[in-house]
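Asks: I have a structure here, written as structure tokens, and I will follow up with some questions on it.
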């Protein structure tokens, strides 16, 4: 029985998370929230020379700040709106592959830097009973969002999360898969027994060919 990890952005989800977030924000954000996000985006642009990952991390932090004071129920409503738009861009072939893994008795984990409530709503909409390990929104003792996020699950952090999950579940680590699309996933792809590159860009295709990693298009 294998452990199968599946990345979200660019892999299970082929749309643009940023675009969907902005679309929903246009309908629901107050002027104060747009002000908070604007400041965050300026910071994201400032760190953009460090790479796409740095920009995404800063963007998520800025977006989380707009949720300060919101309840869990309000968060669920917001992220369901993201799902209602984003569901059109799901990778249907990969969903079928996930279902096939589950028929074989494999354990599937959606492993992503995306925000946890988004992934919970997304996988529920797809009727996928999977584990989700992703970037958490933090809540205080009163159940209100603090506007902060936990550790962003990206790069080497994905490997650490898989290792921790295997240990906590006392699961076998002899047969681990990873479906992922980007260079930030290389540490995970190198770690697992069955790396699969999904819809790679040209640079990632070269890396996949060099490592003889199969491509799932």
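Asks: Take region 185-204 and flag every residue that is touching a strand residue (DSSP E or B) at 6+ places or on another chain (Cβ under 8 Å) and either within 19 Å of residue 106 (Cα to Cα) or outside any loop (DSSP other than H, G, I, E, B) (or both).
Replies: Matches in region 185-204: 185, 188, 189, 191, 192, 193, 194, 195, 196, 197, 198, 204.
Conditions tested, residue by residue: (1) under 14 Å from the mean Cα position of the chain (by Cα); (2) surrounded by fewer than 14 Cβ atoms within 10 Å (Cβ to Cβ); (3) over 19 Å from residue 129 (Cα atoms).
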{"residue": "56", "(1), (2), (3)": "yes, no, yes"}
{"residue": "72", "(1), (2), (3)": "no, yes, yes"}
{"residue": "87", "(1), (2), (3)": "no, no, no"}
{"residue": "90", "(1), (2), (3)": "yes, no, no"}
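Asks: Right, another one. Conditions first: (1) touching a residue at least 12 places away in the same chain (Cβ under 8 Å); (2) loosely packed, with under 14 Cβ neighbours inside 10 Å; (3) in contact with a helix residue (DSSP H, G or I) (Cβ under 8 Å, 6 or more places away or on another chain). Residue 45 passes all but one, so which condition is the exception?
Replies: Going through (1) touching a residue at least 12 places away in the same chain (Cβ under 8 Å); (2) loosely packed, with under 14 Cβ neighbours inside 10 Å; (3) in contact with a helix residue (DSSP H, G or I) (Cβ under 8 Å, 6 or more places away or on another chain) one by one, residue 45 breaks only (1).
Asks: Pick from 113, 150: which is without any contact (Cβ under 8 Å) to a residue 40 or more places away in the chain and either within 12 Å of the chain's Cα centre (by Cα) or surrounded by fewer than 19 Cβ atoms within 10 Å (Cβ to Cβ) (or both)?
Replies: Working: 113 fails: without any contact (Cβ under 8 Å) to a residue 40 or more places away in the chain.
Only one candidate passes the filter, namely 150.
Asks: Give the residue that is nearest to the chain's Cα centre (by Cα), with candidates limited to residues of region 5-25 that are surrounded by fewer than 20 Cβ atoms within 10 Å (Cβ to Cβ) and not in a helix (DSSP H, G or I).
Replies: Among those that are surrounded by fewer than 20 Cβ atoms within 10 Å (Cβ to Cβ) and not in a helix (DSSP H, G or I), it is 9.
Asks: Could you check region 49-136 for helices (runs of 4 or more DSSP H) lying wholly inside it with 3 or more residues that are closer than 18 Å to residue 29 by Cα?
Replies: Counting at least 3 such residues, we get 52-65, 72-86.
None of the figures in this text is laboratory data; all of them are computed from the coordinates on show. Given the structure is predicted, the values throughout are model-derived calculations rather than measurements. For neighbour counting, all protein chains shown are included, and Cβ atoms are generated from backbone atoms with ideal geometry for every residue, glycine included.
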